[in-house]
Amino acid sequence: MNRITTRTAILMMASLLTVSLYAVNPKVTIKTSKPKEVSRVLYGWHYEEIGMIGDGGLYAEMVRNRNFEEANLPEGLVIENGKYKDIPGAARGEKAIYKIDPLVGWVTTPLGCSPIRISLTDRNPLNENNSHSMAVNVLTDSDSPLTAIHNRGYFGMAFKKGIPCRLSFYARSDGYEGELVFRLSDGTGAPCSAPKSFGRIGKDWTRFEAELIPERDEAAGMLSIVPTKAGRFQLDMVSMFPSDTYDGGRSVFRKDILQNLVDYKPDFLRFPGGCIVHGVNAETMYHWKKTIGPLENRPGEWSKWDPHYRTDGIGFHEFLQMCEYMGCAAMYTAPDGMVCSGWVERDKDGHLMHKDYDVNYYIQDLLDAIEYAIGPVDSRWGAERAKNGHPAPFPLKYIQIGNEDFGPEYYRRYHEIYSAVKARYPQLRFLADSPLSTDDKERFIDEFIDKSEIEIYDEHYYKGVPWAVENFHKYDSYKRQWIDICILELGIQNNGVGGPQGAYPGSILAEGIFKMGLERNGDLNPIMADRPLMRNWECIERNEMVPMLLNSSTVSARTFNYWMCKMMRDNTMDRVYKVENTEGERTLFVTAGYDSASRSTIVKVINLSTEPASFNLFFDRSIRKKSAVRTTLTAAPEQRVTPLSPDAVAPRTDRITVSSGNIIEVAGSSFTVIKF
């Protein structure tokens, strides 16, 4: 065979091989010649007190039920015949009466028969907001350190050797003449700190303070109180914080958890929810003024979410402070006088019969909240902010009017609240709600009294994986106008809990598909709040839920969800390219764009299949071979981050060569970012 024939044969074989490869692999073509200018998606968080996200988590308080108010029934609800009165579904048992041990967190030893009897009392209240305390009756003198009252905290207190714990409490005597000895103990009650003794307890409430220094590390310790004499006394606001909280011990936030949040670099934080905002009646709506100031003056509040009571230790002030620490904008969701629709009666035609709570109250309450956040120090509420240690204004940028509210009553209230508040604070941006129960939310924009008052339109979705796949192009057809789009709650099969269509990590990847669709429609100026932010692992009984952080008493673990959301947030684009994908977007989803800040092209790929995938990457114009950084996040179903295995999942990075026509390989069940 001559040289020309041999060369021809080789070229033909190479061509056939290339055609064969292209036939096997789907073809993804990125159209870079006509980029679309877009806004970067703003990625932030939805914060709501559920599953010990704050109490027992981010909030560094170590004592559970410190003010003995945790068993308080929901304000304004009446119990009749063992059920809530005049509440829809209560008669069918859908809304169970809130019941919990009034001394949850507290126990006495010896367990068999302690000579110390403790009970809840409303006698001699500490103040009008703190109506209960713990009554203690010590039946006999004792010199045994094991005869004690203990608080176990939120599934055990974590002590670090040599790091002081700052104790404070209120006490009053009912004839008690002994000392009260406080110490740190391990889970068996054995001491793990030197004791601190307090005497001269008078008949009036007195505040005491001390530092207790652990002599060894302990993951599941307790705070122990040892009475030395027989007699009666009362305790209230028994509180203890580690001295190494975030910001050198100057904050109320657990250092490791807040550091994880700071490292993420969110664009905003939405607070306080969620359903906590509108409550189930006027009394249980979010009343921010009850959440600021001295801790002993904060009553806390019942909410519909487990574990149902929140201390409001992370109140309105702490929310704003947290935003400042994270360098992000604050988004306050304000009540509008409409309660959760599931707790509202309907008329014979099925229309909700909301009570007519005075909208002017909520207008003034919101104006006061804004003044607290950003008003001058010589204003009524700006002065209160300064009094609470922060004379400078906080980074408040967004106001949402209500949560998941809709219908004629909401449109009236939105109009009145918006008109009054926008006139006073034109620099703030306002968000309007949409109905939760329908996918076609865009059409409700026309029902508002004045559409020009809608600046940002909030949509919430709780769906399955097939829905996320089907809605990858949802926003392609949205009408372009002055209204920005916002997704403040997105839940695909509860992020890993649910049927086979929500199997881990597929459900989290499906949320990523939806977010990639938002990025492609960046001309709608999208705002995306990721959730669930975190949970206490013991509170959710170590189930398979995958929030962004799973916390124990000693560990704050970054999950697959955290890493995927952070990869989205760290790789935003201000130009997007059209992408053609011959795979048909069944399991392989691709978006692409350009980041002018880093002068980089970004390609994002989600592979929903559990098997590895490959595709041929083409560009509509020739590009030279380029070295690219490929970041891959993947996990097998059994590969889960927990506080016991905090490093089980993390992104990995390598370098690949990118050119038109080359093969790109991605792992099964993966999110991949290619940047060059």
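The values are calculated or read from the model by the stated rules, or taken from the named source; none is laboratory data. Everything numeric here is computed off the predicted structure, so don't read it as measured data. Every residue, glycine among them, receives a Cβ derived from its backbone with ideal geometry; neighbour counts consider all protein chains shown. What goes into the accessible areas is simple: the full protein's heavy atoms, side chains included, and nothing from ligands, DNA or RNA. Shrake-Rupley method; radii C 1.70, N 1.55, O 1.52, S 1.80 Å.
What percent do you get for the relative contact order of segment 365-450 when only Cα pairs under 8 Å and 6+ apart count?
26 percent
Of all the C-alpha pairs in segment 278-362, what % are more than 16 Å from each other?
62 percent
Using all alpha carbons of segment 135-233, what is the percent of pairwise distances in each 5 Å bin, ordered from the shortest bin to the longest?
Values per bin, smallest distances first: 3, 14, 24, 23, 18, 12, 6, 1.
What accessible area per residue comes out for segment 585-630, rounded to a whole number of Å², with a 1.4 Å probe?
Ligands and nucleic acids excluded, the figure is 49 Å² per residue.
Calculate one ³J(HN,Hα) per residue across segment 231-236 by plugging θ = phi - 60° into the Karplus curve 6.51 cos²θ - 1.76 cosθ + 1.60, and present them in order as whole Hz with x for glycine and proline.
Karplus values, whole Hz, x for Gly and Pro: x, 10, 7, 10, 10, 8.
Over all distinct Cα pairs, what is the inverse of the mean 1/r for segment 128-174, reported as the Kirkwood hydrodynamic radius in Å?
Its Kirkwood hydrodynamic radius stands at 14.5 Å.
Let me check I have the definition right: for segment 597-676, take the eigenvalues of the Cα gyration tensor, multiply each by 5, take square roots. What are those semi-axes in whole Å, largest first?
Values for segment 597-676, descending: 28, 15, 9 Å.
Alpha carbon centre of segment 184-213 versus segment 336-395: separation in Å?
Between the Cα centre of segment 184-213 and that of segment 336-395, the gap is 40 Å.
Quick one: which of K397/K441; K397/K604; K474/K625; K441/K566; K578/K626 span more than 32 angstrom between C-alpha atoms?
Cα-Cα > 32 Å for K474/K625; rest within.
Taking the Cβ of F618 as the centre, find all other residues whose Cβ is under 13 Å away and add up their charges (Lys, Arg: +1; Asp, Glu: -1).
Result for the local shell: +2.
If amide hydrogens are placed 1.01 Å from N in the peptide plane, which non-local residues have theirs closer than 5 Å to the one on I201?
Close amide H contacts, sequence-distant or interchain: none at all.
Roughly what would the spin-label model give for A190 and E665, points 7 Å off Cα along C-beta, in nm?
Going from the A190 label point to the E665 one covers 5.4 nm.
Could you work out the relative contact order of the chain? I mean the mean sequence separation of Cα pairs under 8 Å and 6+ apart, divided by the number of residues, in percent.
Relative contact order of the chain: 16 percent.
Translational diffusion coefficient, Stokes-Einstein: compute it for the chain using the Kirkwood radius over C-alpha pairs as Rh, at 20 °C and 1.002 mPa s, and state it as an integer in µm² s⁻¹.
Rounded to a whole number, D works out at 77 µm²/s.
Order R655, R575 by their accessible area, 1.4 angstrom probe, all chains in place, largest first.
So the residues, ranked largest to smallest area, are R655, R575.
Semi-axes of the equivalent ellipsoid of segment 555-617: what are they in whole Å, largest first, if each equals the square root of 5 times a C-alpha gyration tensor eigenvalue?
22, 20, 8
Using alpha carbon centroids, what distance separates segment 645-662 and segment 81-153, in Å?
Their Cα centres are 53 Å away from one another.
Using only alpha carbon positions, build the gyration tensor of segment 250-403, then give the equivalent ellipsoid semi-axes as the square roots of 5 times its eigenvalues, largest first, whole angstrom.
After scaling each eigenvalue by five and taking roots: 28, 18, 15 Å.
Expressed as a whole percentage, what fraction of the accessible surface of segment 506-613 belongs to carbon and sulfur atoms when a 1.4 Å probe is rolled over the protein heavy atoms?
C and S atoms contribute 42 percent here.
Using just the alpha carbons, could you tell me how many Å³ per residue the convex hull of segment 345-494 encloses?
Looking at segment 345-494, the number lands at 161 Å³ per residue.
Helix check for the chain. Which DSSP H runs span at least 18 Å along their own axis by Cα, with a mean Kyte-Doolittle hydropathy no less than 0.5?
Span-like helices here: 3-24.
Please report, to two decimal places, log10 I(q)/I(0) for segment 87-187 at q = 0.11, 0.23, 0.25 Å⁻¹ as given by the Debye formula with identical point scatterers on the Cα atoms and no solvent.
Debye curve over Cα of segment 87-187, log10 I(q)/I(0) at q = 0.11, 0.23, 0.25 Å⁻¹: -0.50, -1.47, -1.55.
Which value at 222 nm does the chain reach when only helices count, each DSSP H run of 4 or more adding -39,500 (n - 2.57), with the total divided by all residues and rounded to the nearest 500 deg cm²/dmol?
-5500 deg cm²/dmol
Express in whole angstrom the spacing between the alpha-carbon centres of segment 415-493 and segment 499-559.
If you average the Cα positions of each part, the centres end up 21 Å apart.
Within the chain, what percent of beta bridges assigned by DSSP are antiparallel, to the nearest 5?
For the chain, the DSSP antiparallel bridge percentage is about 75.
For segment 529-676, what does the convex hull of the Cα positions come to per residue, in cubic angstrom?
For segment 529-676, the hull spanned by Cα atoms encloses 126 Å³ per residue.
Assuming 0.890 mPa s and 25 °C, estimate D for segment 460-558 with Stokes-Einstein, Rh taken as the Kirkwood radius over Cα pairs, in µm²/s.
169 µm²/s
Within the set of other residues whose C-beta is less than 13 Å from the C-beta of K422, count the net charge using Lys and Arg as +1 and Asp and Glu as -1.
-2
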